[in-house]
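A.B. asks: Structure below; questions to follow.
The values are calculated or read from the model by the stated rules, or taken from the named source; none is laboratory data. Not measured: the values here are computed from a predicted model. All Cβ positions, glycine included, derive from the backbone under ideal geometry; neighbour counts span all protein chains shown. Protein only, heavy atoms only, side chains kept; ligands, DNA and RNA dropped before computing areas. Shrake-Rupley method; radii C 1.70, N 1.55, O 1.52, S 1.80 Å.
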Amino acid sequence: MNAPVAACHYIVEVPASPERIPQVRRIVAAHLRYWGLAPHVLPVCRAVEELVDNVVRHVDGDKTCVVELRSTGCRLVVAVSDRDRRLPPVRSSSPVRGGLARVARLSDSWGTCATEEGKVVWFSRRVREAERVLRGPGRPRVPAVEFRPLPGAAGEAGAVLPVLAPAG
């Protein structure tokens, strides 16, 4: 049985600029590693770089953006929001050219929506729970279950109680 995984959440607001992109990458990578999601660092960081770079290249005026990470233990959702109300067009289906096609290739799902302040572009990835499961020594021991009649229920139909027998 897998142990429940606590939800992880991180949010940071940064002025989007070419100089900030490597810093955002390091912040995202550090959180993913801390959360036990190291195998997802490269694709997630590439997608985040693409989204922050889109803010740098396409947003007029205030280029402040918010990068948000959420992990539930089985899914990681990353969102980048900015104050520009124009939704991004998908200009190419080629991931080589970059843009949202690259984000789509690096994720299981993605989307964009308008907000009161501007817009948010998000993507999600399935993550393996096994990376966050609490592990004890060796294989977990599951107790065997037996059913025995209730005391005094001899001759009465259907009266049973589960009894845990020691595993061994």
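A.B. asks: Let me spell it out: the conditions are (1) open to solvent by less than 50 Å² (accessible area, probe 1.4 Å); (2) at pLDDT 65 or above; (3) of a type outside the set (Phe, Trp, Tyr), and Arg105 meets all of them except one. Which number is the exception?
C.D. replies: (1)
A.B. asks: Right, something else. Can you pull out the residues in segment 15-27 that are farther than 17 Å from Val41 by Cα and surrounded by fewer than 18 Cβ atoms within 10 Å (Cβ to Cβ)? Before the answer, list the steps.
C.D. replies: Let us first name the residues in segment 15-27 that are farther than 17 Å from Val41 by Cα, namely 15-20.
If the condition is that a residue be farther than 17 Å from Val41 by Cα and surrounded by fewer than 18 Cβ atoms within 10 Å (Cβ to Cβ), then Pro15, Ser17, Pro18, Glu19, Arg20 are the ones that fit.
A.B. asks: If you don't mind, another one. Mind checking which residues of segment 28-53 are open to solvent by 30 Å² or more (accessible area, probe 1.4 Å) and closer than 20 Å to Arg102 by Cβ? Full working, then the answer.
C.D. replies: Taking segment 28-53 first, the residues open to solvent by 30 Å² or more (accessible area, probe 1.4 Å) are 30-31, 33-34, 38-39, 42, 46, 49, 53.
Pro39, Leu42, Arg46, Glu49, Asp53, listed by residue number.
A.B. asks: Mind telling me which of the residues Val59, Val66, Val78 ends up being touching a strand residue (DSSP E or B) at 6+ places or on another chain (Cβ under 6 Å), farther than 27 Å from Cys8 by Cα and at pLDDT 85 or above? Working first, answer last.
C.D. replies: Values: Val66 fails: farther than 27 Å from Cys8 by Cα; Val78 fails: farther than 27 Å from Cys8 by Cα.
So the residue among Val59, Val66, Val78 that is touching a strand residue (DSSP E or B) at 6+ places or on another chain (Cβ under 6 Å), farther than 27 Å from Cys8 by Cα and at pLDDT 85 or above is Val59.
A.B. asks: Quick one: what pairs do we get from segment 11-32, first residue over 14 Å from Thr64 (Cβ atoms), second of a type in the set (Ser, Thr, Tyr), C-beta under 9 Å, 6+ apart or different chains?
C.D. replies: Correct list of pairs: Ile27/Tyr10; Val28/Tyr10; His31/Tyr10; His31/Ser71; Leu32/Ser71.
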